[in-house]
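The values are calculated or read from the model by the stated rules, or taken from the named source; none is laboratory data. No experiment lies behind these values; they were computed from the predicted model shown. Please note: Cβ atoms are built from the backbone with ideal geometry, for glycine as well, and neighbour counts cover all protein chains shown.
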């Protein structure tokens, strides 16, 4: 299983952004990551300075969003959608995107569900509950 360190994740995103800006050839994973980076101009400055990115500590207590965590979650959800795992996530995403009017906003809603599912698994010391995860997404997709 692929389990990169914090520094490797940050290096991946900063390298991808550099390659994107310089018009270099991207791997398929880098191309997906670059698409999400483009969708988040608020992270461009963080991704431009590799040394600062490696040193930065993003604290939710100070109202900071970790761009590397956010972009990593976009990649994870994109992969889940591409293979429909857990089964039904693709259809739930489509319903959610239709309700929200945006595939990007649907991903952000799913990101909240994924975060909650991971938090619960960490809190209970159990594997993530994919049924509960999909149920959370379905609830968001059908809200009025």
Any pair with Cβ under 8 angstrom, 6 or more apart, that starts in region 132-143 at a residue that is outside the structural domain of residue 111 (by TED's automatic domain parsing) and ends at one that is part of a helix (DSSP H, G or I) and crowded, with 18+ Cβ neighbours inside 10 Å: none
Are any residues in region 28-57 within 16 Å of residue 69 (Cα to Cα) and assigned to a loop (DSSP other than H, G, I, E, B), and if so, which ones? 39, 40, 56, 57
For residue 25: the one exception among (1) assigned to a loop (DSSP other than H, G, I, E, B); (2) in the same structural domain as residue 140 (by TED's automatic domain parsing): (2)
Any idea which of (1) closer than 30 Å to residue 91 by Cβ; (2) modelled with pLDDT of 90 or more is the one residue 41 doesn't satisfy? (1)
Restricting to region 108-144, and then to whatever is modelled with pLDDT under 90 and in a loop (DSSP other than H, G, I, E, B), can you tell me which residue is nearest to residue 71 (Cα to Cα)? 143
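Given the options 52, 33, name the one that is touching a helix residue (DSSP H, G or I) at 6+ places or on another chain (Cβ under 9 Å), modelled with pLDDT under 95 and either within 25 Å of residue 113 (Cα to Cα) or not assigned by TED's automatic domain parsing to the domain that holds residue 103 (or both). Step through it out loud before you land on a result.
On the way: 33 fails: modelled with pLDDT under 95.
Every option except 52 fails the conditions.
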Within region 59-71, take every residue that is more than 12 Å from residue 6 (Cα to Cα) and assigned to a loop (DSSP other than H, G, I, E, B) and give me the one that is modelled with the highest pLDDT. 65
Under 7 Å by Cβ, and 6 or more places apart or on different chains, what pairs join a residue from region 85-98 that is in the same structural domain as residue 114 (by TED's automatic domain parsing) with one that is in a loop (DSSP other than H, G, I, E, B)? 90/84
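Can residue 123 be described as over 18 Å from the mean Cα position of the chain (by Cα), within 26 Å of residue 11 (Cβ to Cβ) and exposed (fewer than 15 other Cβ atoms within 10 Å of the Cβ)?
no
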